[in-house]
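The values are calculated or read from the model by the stated rules, or taken from the named source; none is laboratory data. Predicted model, so just to flag it, every value in this text is computed and none were measured. Don't worry about glycine lacking a Cβ; one is built from the backbone with ideal geometry, like all the others, and counts go over all protein chains shown.
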Amino acid sequence: MSAIFEISGLNVYIQIVVTIISIAVHLFATRNKRRAESALELITLYTIGLAGWFTITSGFFGHIIYADEVAISIGWPLHSGFQMELAFAAIGIGIVGFGGFWNKSFWLPFIIAKTSFMLGAGITHIIHMVQDNNFSPSNTGIILYWDILLPIILIALYIFYRLEQSVLQQ
């Protein structure tokens, strides 16, 4: 069982699966009912809210509870104080996203903060690959792809949601 926790990017895989299942269950449960929100709005809501939740949990567990294991998997030095700082930054960003479940005015601030955080992390991973020859499992692969892909998904969903809202208001 402990081997499953050694899978690089496990939190990303779980986030993707939980988000898809949550959206599907909500859409299926309300399929024959008149919803106040569109399918696009629900997809955006769950994607942002759960991205916030997973940012909180990965910040807490990944950079506080299992800081040494994560450091090793990324190729970072052990017992570094910046892990705790990174954890609290992630938790703060995640709280904003998770708050998006209840208040849509949190969506754009979360997208801005999460995008700058993840793209910055992605650039850092690439720099470490090129400069330091760091090809540790959590410095490459799904982690790197997710650092680039999730911001694109968040921005696209938000733009499409705003476009939909402007069409509905006309």
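Note on the range 135-170: among residues that are of a type in the set (S, T, N, Q) and at pLDDT 90 or above, the one that is nearest to P77 (Cα to Cα) is Q165. Filtered by the rule that a residue be part of a helix (DSSP H, G or I), farther than 16 Å from I153 by Cα and either without any contact (Cβ under 8 Å) to a residue 24 or more places away in the chain or touching a Phe, Trp or Tyr at 6+ places or on another chain (Cβ under 6 Å) (or both), the range 12-51 gives I21, S22, A24, V25, H26, L27, F28, A29. Figure legend. Inter-residue proximity from the range 56-67: first residues touching a residue at least 40 places away in the same chain (Cβ under 8 Å), second residues of a type outside the set (D, E, K, R), beta-carbon distance below 6 Å, spacing 6+ or different chains. Indicated pairs: I56/I91; I56/G94; S58/N11; G62/V70. Based on this model, can you work out whether F98 counts as under 18 Å from the mean Cα position of the chain (by Cα) and either surrounded by fewer than 18 Cβ atoms within 10 Å (Cβ to Cβ) or without any contact (Cβ under 8 Å) to a residue 24 or more places away in the chain (or both)? So F98 does not fit the description; no. Return yes when M118 is touching an Asp or Glu at 6+ places or on another chain (Cβ under 8 Å), buried (at least 16 other Cβ atoms within 10 Å of the Cβ), hydrophobic (A, V, I, L, M, F, W, C) and at negative phi and no when it is not. In short, yes. Within the range 52-94, the set of residues being hydroxyl-bearing (S, T, Y) and either within 17 Å of V12 (Cβ to Cβ) or crowded, with 20+ Cβ neighbours inside 10 Å (or both) comprises T55, T57, S58, Y66, S73. Scanning the range 12-44 for residues being within 13 Å of the chain's Cα centre (by Cα) and not hydroxyl-bearing (S, T, Y) gives a total of 6. Hey, any hits in the range 121-132 for a residue that's touching a residue at least 60 places away in the same chain (Cβ under 8 Å) and either in a helix (DSSP H, G or I) or touching a strand residue (DSSP E or B) at 6+ places or on another chain (Cβ under 6 Å) (or both)? No - not one qualifying residue is present in the range 121-132. When the range 137-156 is limited to residues that are over 14 Å from the mean Cα position of the chain (by Cα) and buried (at least 20 other Cβ atoms within 10 Å of the Cβ), the one that is nearest to S116 (Cα to Cα) turns out to be N139. Any chance you could count how many residues in the range 133-155 are on the phi > 0 side of the Ramachandran plot and outside any helix (DSSP H, G or I)? Adding up the residues that qualify gives 1.
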